[in-house]
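Undergrad: Quick one: structure below, then a few questions.
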Amino acid sequence: MSIEIRKIGIIGAGQMGNGIAQVCATSGFDVVLHDMNEERIHAGLATINGNLAKLVGRGALDEEARQGALTRIAAGPGLDDLGQCDIVIEAATENEDVKRRIFQALSPVLKPDAMMASNTSSISITRLASVTDRPERFIGIHFMNPVPRMQLVELIRGIATEDPTFEAARTFILALGKTVTTAEDFPAFIVNRILLPMINEAIYTLYEGVGSVDAIDTAMRLGANHPMGPLQLADFIGLDTCLSVMQVLHEGLADSKYRPCPLLVKYVEAGWLGRKAMRGFYDYRGEKPVPTR
């Protein structure tokens with residue numbers, strides 16, 4: 001039995017949610033964008049509008065396609081607005097309790113054959129699926145940030161995910177023009193299992209005084225040919241997200257090599273969460289970012 005995906009629900013209108021909405025709408029899918037805070041939905045729609053306008057300005061999209069994409073995205077202030085979606089993708093904050101509550105509330109409003117997905121970057125798909133009424137129709141669809149620019153999507157099956165669910169998700173991702181990689185349901189999957197310990201190690205390198213913020217980022221940009229340094233990347237991801245992924249790895253695999261660096265914990269406790277908070281390993285409040293250590 002094949003599943004056809006035409007209408008996409010997205011929960012969470014932040015950076016990831018509006019990026020997913022933009023990519024789905026420009027690929028011809030109808031989208032319902034939901035957030036608990038209605039102002040965030042309107043802010044997300046404004047961001048999408050601005051991003052599409054930039055694409056038109058660069059000649060990557062024509063005006064007709066921009067208008068068409070915008071008409072395909074509807075605001076859905078109530079969970080009930082997602083009732084007719086073929087799949088609903090949760091893109092809320094990286095907190096398991098929050099995600100579980102969302103899926104528990106979502107189950108009763110969806111049509112019986114609708115799929116559920118989480119954009120989690122680290123949390124067990126099997127555990128999230130277990131709180132729903134349809135674990136066989138539940139899957140992890142992990143988009144990379146920023147969604148419109150990044151080519152890769154990780155697909156993660158929970159223990160109960162059935163083949164038609166996986167195939168429908170794979171067909172949907174390919175229709176977005178993205179590349180699929182399949183990961184097993186272990187903490188942080190593939191990309192973040194490799195990337196976040198590297199970032200954490202860069203923070204340890206700073207913490208232990210081996211190099212300054214500038215020295216570490218320059219070393220990895222020019223010495224390893226990375227497009228941005230690990231501390232700059234941590235600020236872009238959000239230090240709270242980096243910490244939560246490291247905690248998932250540390251708790252899930254019980255290996256001391258995944259212990260979050262105390263300096264990362266201190267920055268998060270200070271509210272210095274990176275670019276979104278205007279301060280992290282760099283201070284973004286001036287004309288150009290200045291290292292904070």
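Undergrad: With θ set to phi - 60°, apply the Karplus curve 6.51 cos²θ - 1.76 cosθ + 1.60 along region 37-48 and write out the HN-Hα couplings as whole Hz, x wherever there is a Gly or Pro.
TA: 9, 5, 4, 5, 4, 5, 5, x, 5, 5, 4, 4
Undergrad: Of all GluC sites (Glu not before Pro) in region 233-293, which ones are in loop regions per DSSP and have a Cβ with at most 14 other Cβ atoms within 10 Å? Please report the intermediate quantities before stating the final value.
TA: Working: sites: Glu251, Glu269, Glu287; in loops: Glu287.
Taking region 233-293 and a limit of 14 other Cβ atoms within 10 Å, the loop GluC sites (Glu not before Pro) found are Glu287.
Undergrad: On the principal axes of its Cα set, how long, how wide and how thick is the chain? Give whole Å, largest value first.
TA: Taking max minus min along each principal axis of the Cα atoms, the chain gives 56, 47, 32 Å.
Undergrad: Sorted by mean Cβ packing within 10 Å, highest first, what order do the peptides 43-52, 214-223 take? List each step's numbers first, then the result.
TA: Working: 43-52: 17.6, 214-223: 16.1.
With the highest mean Cβ count within 10 Å placed first, the list reads 43-52, 214-223.
Undergrad: Something else: For region 47-96 and region 239-273, write down the distance between their C-alpha centroids in whole Å.
TA: Cα centroid of region 47-96 versus Cα centroid of region 239-273: 31 Å apart.
Undergrad: Taking the Cβ of each residue in His142, His34 as the centre, tally the other Cβ atoms inside 10 Å and list the residues starting with the fewest. Don't skip to the end; give the middle numbers.
TA: Working: His142 24, His34 27.
By the 10 Å Cβ count, ascending, the order reads His142, His34.
Undergrad: Using only Cα atoms, tell me the angle between helix 163-175 and the longest principal axis of the chain; keep it within 0 to 90° and round to the nearest 10.
TA: Orientation of helix 163-175: about 70 degrees from the principal axis.
Undergrad: Determine which lysines satisfy two conditions relative to Lys266: a Cα distance under 23 Å, and not lying fewer than 8 residues away in the same chain.
TA: The reachable lysines, counting only those whose Cα sits under 23 Å from Lys266, are Lys257, Lys276.
Undergrad: Amide H of Gly158: which non-local residues (sequence gap of 5 or more, or other chain) have their own amide H closer than 5 Å, using H built in the peptide plane?
TA: Gly140
Undergrad: Pull up the cross-link candidates among the lysines for Lys111, meaning alpha carbon to alpha carbon under 26 Å and not fewer than 8 places away within one chain.
TA: List returned: Lys7, Lys99.
Undergrad: Let me ask something else. Which of the GluC sites (Glu not before Pro) found in region 1-108 are loop residues per DSSP with 10 or fewer other Cβ atoms within 10 Å of their Cβ?
TA: Working: sites: Glu4, Glu38, Glu39, Glu63, Glu64, Glu90, Glu94, Glu96; in loops: Glu4, Glu94.
Those satisfying the criteria are Glu4.
Undergrad: Right, something else. Among the DSSP beta bridges whose two residues both lie in the chain, what percent are antiparallel, rounded to the nearest 5?
TA: Values: 9 of 33 bridges.
Of all bridge pairs located within the chain, approximately 25 percent are antiparallel.
Computed from the coordinates by the stated procedures, all read-outs in this text should not be read as laboratory data. Please read all numbers here as calculations on a predicted model, not as lab measurements. We place every Cβ from the backbone using ideal geometry, glycine too, and count neighbours over all the protein chains shown.
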